[in-house]
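*Asks:* I have a structure here, written as structure tokens, and I will follow up with some questions on it.
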Amino acid sequence: MQAVTTIAEVREQVKAWRREGLTVGLVPTMGFLHEGHKSLIVRAAAENDRVVVSDFVNPTQFGPTEDLESYPRDFERDCKLCEEAGAALVFHPEPSEMYAPNACTYVNMDELTHELCGLTRPIHFRGVCTVVSKLFHIVCPDRAYFGQKDAQQLAVIRRMVRDLNFDIQIVGCPIIREEDGLAKSSRNTYLSAEERTAALCLSRAVFAGQKMVEAGERDAKTVLDAMRAIIEAEPLAKIDYVKMVDFENIVQIEKIENVPVLCAMAVYIGKTRLIDNFIYDPAEDAGCGCGCSGDSCCCCGA
Ligand code: PAF
């Protein structure tokens, strides 16, 4: 596995692979890799001839009071994980390689980014769309892999790829959790032992909400109230948001009908802001996606 720091080196290597007719998968990351990232790399390695991992703490997606400086970094450990997972190349640029000092061009999305995390982090998705577009232009992958833990990001990237005609397949991958349920995140490292225990209120709320929806509850408020009650019972937790939205458009909904929904939360545990979610797709229960009940589907009889 190679580790490179310049755009020119990435382009040269990818061009050489292309000349051999090889396919390329991209896993964009901000480093401090964990099992969640590893699952993306393993999947990318199974579906592509070569995998590029970008390892770059992107300054443009952090607000002025956020944790850019303290964001955890361990490049040596990241390289070992990438190699084990099957990556062929790690791209680890300096900020100056990615952004010229007078860079002033951004990719801005009008919709999808003003709800959920976009409310608390107003410039976040502009930074994400900008850096991901740059990575797509640098690597020109066939497929790019994103975790469902950042579900709004996944919806935003899918919309950006559609709107800007990137010829890239976006692959969303499941949330990877610790044994006790906590979603894996590089930011879990900020938690003290007491906060680590308190943080379990997020996954408890996610599992409880998911169970209600899978059992047939369709009223968003009923589900969200039950989830909020679980989080509010934890003294170290402070809710930023717990909301249900249409997953494609990131618009709040009152009732679950026949489109996939995202039930997402951001919760402060002490000073650390953690996110978690579940996605419910009624079509998966309905057999063929027509939207009617799976017990008596009008099209496929499922
Ligand atoms: O999900 C992340 O780690 C980042 O937002 C991403 C996609 C690598 C862009 O910096």
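The values are calculated or read from the model by the stated rules, or taken from the named source; none is laboratory data. Note that the structure is predicted; figures quoted are calculated from it, not measured. In this analysis, Cβ positions are derived from the backbone assuming ideal geometry, glycine residues included, and neighbour counts consider all displayed protein chains. For the accessible areas, the whole protein counts, side chains as well, though only heavy atoms, and no ligand, DNA or RNA atoms are used. Shrake-Rupley method; radii C 1.70, N 1.55, O 1.52, S 1.80 Å.
*Asks:* Suppose we filter 47, 66 for residues that are open to solvent by 20 Å² or more (accessible area, probe 1.4 Å) and away from the ligand (no atom under 14 Å from the Cβ); which single one remains?
*Replies:* Details: 66 fails: away from the ligand (no atom under 14 Å from the Cβ).
The conditions single out 47.
*Asks:* So which residues in segment 90-112 are closer than 17 Å to residue 158 by Cβ and either free of Cβ contacts under 8 Å to residues at least 60 places away in the same chain or aromatic (Phe, Trp, Tyr) (or both)?
*Replies:* Narrowing segment 90-112 to residues closer than 17 Å to residue 158 by Cβ: 107-112.
The answer is 107, 108, 109, 110.
*Asks:* Quick one: in segment 184-193, of everything that is within 13 Å of the ligand (Cβ to nearest atom) and of a type outside the set (D, E, K, R), which residue is most open to solvent (accessible area, probe 1.4 Å)? Show your work before the answer.
*Replies:* To start, the set of residues in segment 184-193 that are within 13 Å of the ligand (Cβ to nearest atom) comprises 184-187.
Going one step further and asking which of them are of a type outside the set (D, E, K, R), we end up with 185-186.
Values: 185: 26, 186: 9 Å².
The qualifying residue most open to solvent (accessible area, probe 1.4 Å) is 185.
*Asks:* Using the structure shown, decide if residue 125 is in contact with a Leu (Cβ under 9 Å, 6 or more places away or on another chain) and closer than 23 Å to residue 70 by Cα. Full working, then the answer.
*Replies:* Working: in contact with a Leu (Cβ under 9 Å, 6 or more places away or on another chain): yes; closer than 23 Å to residue 70 by Cα: yes.
Yes; evaluated as a whole, the condition is true for this residue.
*Asks:* Only one residue in 1, 30 is within 20 Å of residue 93 (Cα to Cα), within 10 Å of the ligand (Cβ to nearest atom), open to solvent by 10 Å² or more (accessible area, probe 1.4 Å) and of a type in the set (A, V, I, L, M), so which one is that? Quick ask: steps written out before the conclusion?
*Replies:* Working: 1 fails: within 10 Å of the ligand (Cβ to nearest atom).
After applying the criteria, what remains is 30.
*Asks:* Next question, about the same structure. What residue, among those in segment 256-285 that are part of a strand (DSSP E or B) and open to solvent by 20 Å² or more (accessible area, probe 1.4 Å), is farthest from residue 156 (Cα to Cα)? First the steps, then the outcome.
*Replies:* We begin by selecting, within segment 256-285, every residue part of a strand (DSSP E or B); these are 261-269, 272-280.
Among the residues that remain, those that are also open to solvent by 20 Å² or more (accessible area, probe 1.4 Å) are: 268, 273, 275, 279.
Values: 268: 23, 273: 20, 275: 16, 279: 15 Å.
Restricting to residues being part of a strand (DSSP E or B) and open to solvent by 20 Å² or more (accessible area, probe 1.4 Å), the top hit is 268.
*Asks:* Residues in segment 205-226: is at least one touching a residue at least 24 places away in the same chain (Cβ under 8 Å) and hydroxyl-bearing (Ser, Thr, Tyr)?
*Replies:* No, segment 205-226 has no match at all.
*Asks:* Can you tell me which of 97, 76 is open to solvent by 60 Å² or more (accessible area, probe 1.4 Å) and within 15 Å of the ligand (Cβ to nearest atom)?
*Replies:* Working: 76 fails: within 15 Å of the ligand (Cβ to nearest atom).
Checking each option against the conditions leaves just 97.
*Asks:* Which residues, taken from segment 114-156, are within 13 Å of the ligand (Cβ to nearest atom) and among the hydroxyl-bearing types (Ser, Thr, Tyr)?
*Replies:* Correct list: 130, 133, 145.
*Asks:* Go through 31, 86, 25, 21 for me and flag whichever is within 30 Å of residue 246 (Cβ to Cβ) and among the small types (Gly, Ala, Ser). Talk me through it step by step, then tell me what you get.
*Replies:* On the way: 31 fails: within 30 Å of residue 246 (Cβ to Cβ); 86 fails: within 30 Å of residue 246 (Cβ to Cβ); 21 fails: within 30 Å of residue 246 (Cβ to Cβ).
Just one listed residue meets the conditions, 25.
*Asks:* Would you point out the residue of segment 126-181, among those that are under 23 Å from residue 114 (Cα atoms) and among the acidic types (Asp, Glu), that is least open to solvent (accessible area, probe 1.4 Å)?
*Replies:* Ranking the candidates gives 150 first.
*Asks:* Can residue 159 be described as farther than 18 Å from residue 277 by Cα, among the basic types (Lys, Arg) and modelled with pLDDT of 95 or more?
*Replies:* Considered against the rule, which asks whether it is farther than 18 Å from residue 277 by Cα, among the basic types (Lys, Arg) and modelled with pLDDT of 95 or more, residue 159 comes out as yes.
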